[in-house]
Amino acid sequence: MAFKNRTAAGEQLAGKLLVYRDNPNVTIIALPRGGVVLGRVIADALHAPLDIVVPRKIGAPDNEEYAIGALTEGGEVVWNEAEKERYPERILNEIAEKERAEAQRRLETYRKGLPPRIIKDKIVILVDDGVATGYTIRSAINTIKKQSPKKLVIALPGGPVDTLELLKKDVNELVVLETPAAFWAVGQLYEEFPQVNDEEVIHLLQTGSSGLKAGPG
């Protein structure tokens, strides 16, 4: 099954999370950029605030789409140690530094003018538009756990079974809609999977409007 777009996936996930509706202790945390589209839909459906954390994938030097690690928002790296050994440390450090700078840029750009992010003692629902290796969302989990949430829930449209089993061990609850037997990329979950730009993320975070189409851009 493929979702029509991120908005449709968010609507289905929201339907699975209605037990958290109108709970003042719930906050939705989304991963930019694509996850913010789903996060806005879920936040509106549950009458909960929406915020972000900004981890960054570290792609392999010879295939940047293949994650060999990820940065937490605080700058620490979660590595695939076996894959890390295949590349010169100098090259990996350069990539990590570039991603640190991009993570900081996004955090400052997206959260400009927003109130302080409060995670301590909250029920946090962490949302993305899907997972593949899981390194990026694991980095987000590390960032959130350091801020002592009361409960951590992950909500995802889909991902590979082996990755999801690993994530399940790190959180209190995992809500997933699809687990394709043959999984190769998050994009396979969607009929429409366009890039989401900075302006869309800012709009979704700062206006509280889920009316923005998850269309081209």
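The values are calculated or read from the model by the stated rules, or taken from the named source; none is laboratory data. As the structure is a prediction and not an experimental result, all values here were calculated from the model. For neighbour counting, all protein chains shown are included, and Cβ atoms are generated from backbone atoms with ideal geometry for every residue, glycine included. Keep in mind that these areas ignore ligands, DNA and RNA; they rest on the heavy atoms of the full protein, side chains included. Shrake-Rupley method; radii C 1.70, N 1.55, O 1.52, S 1.80 Å.
Sequence-distant contacts, meaning Cα pairs under 8 Å at least 6 residues apart, place the relative contact order of the chain at 26 percent. The Cα trace of the chain gives Rg and Dmax of 16.3, 50 Å, the first to one decimal, the second as a whole number. Average accessible surface for the chain: 48 Å² per residue, computed with a 1.4 Å probe over protein heavy atoms with every protein chain in place.
With helices as the sole contributors, the chain gives -11000 deg cm²/dmol at 222 nm; each DSSP H run of n ≥ 4 counts as -39500 (n - 2.57), and the sum is divided by every residue.
Applying 1/(1 + (r/R0)^6) with R0 = 30 Å to the Cβ-Cβ distance of residue 169 and residue 85, what FRET efficiency is obtained, to the nearest 0.05? Between residue 169 and residue 85 the formula returns 0.75. Taking other residues whose beta carbon is less than 11 angstrom from the beta carbon of residue 179, and scoring Lys, Arg as +1 and Asp, Glu as -1, yields -3. Just list whichever of 16/168; 4/120; 98/122; 16/146; 84/120 have alpha carbons separated by over 23 Å in the model shown. From the list (16/168; 4/120; 98/122; 16/146; 84/120), the Cα-Cα distance tops 23 Å for 4/120; 98/122; 16/146; 84/120. Summing Lys and Arg as +1 and Asp and Glu as -1 over all other residues whose Cβ lies under 12 Å from the Cβ of residue 74 gives a net charge of +2.
Spin-label model, residue 64 to residue 150: label points 7 Å out along the Cα-to-beta-carbon direction sit 4.2 nm apart.
Net charge around residue 155, counting only other residues with Cβ within less than 11 Å of its Cβ (Lys, Arg = +1; Asp, Glu = -1)? So the surrounding residues net to -2. By how many degrees, 0 to 90 and rounded to 10, does the Cα axis of helix 89-110 deviate from the longest principal axis of the chain? For 89-110 against the chain, the angle is about 20 degrees. Here the label points at residue 191 and residue 120, each 7 Å from Cα along the C-beta direction, are separated by 4.7 nm in the simple model. Working from label points 7 Å from Cα in the Cα-to-Cβ sense, the residue 182 to residue 102 distance is 3.0 nm.
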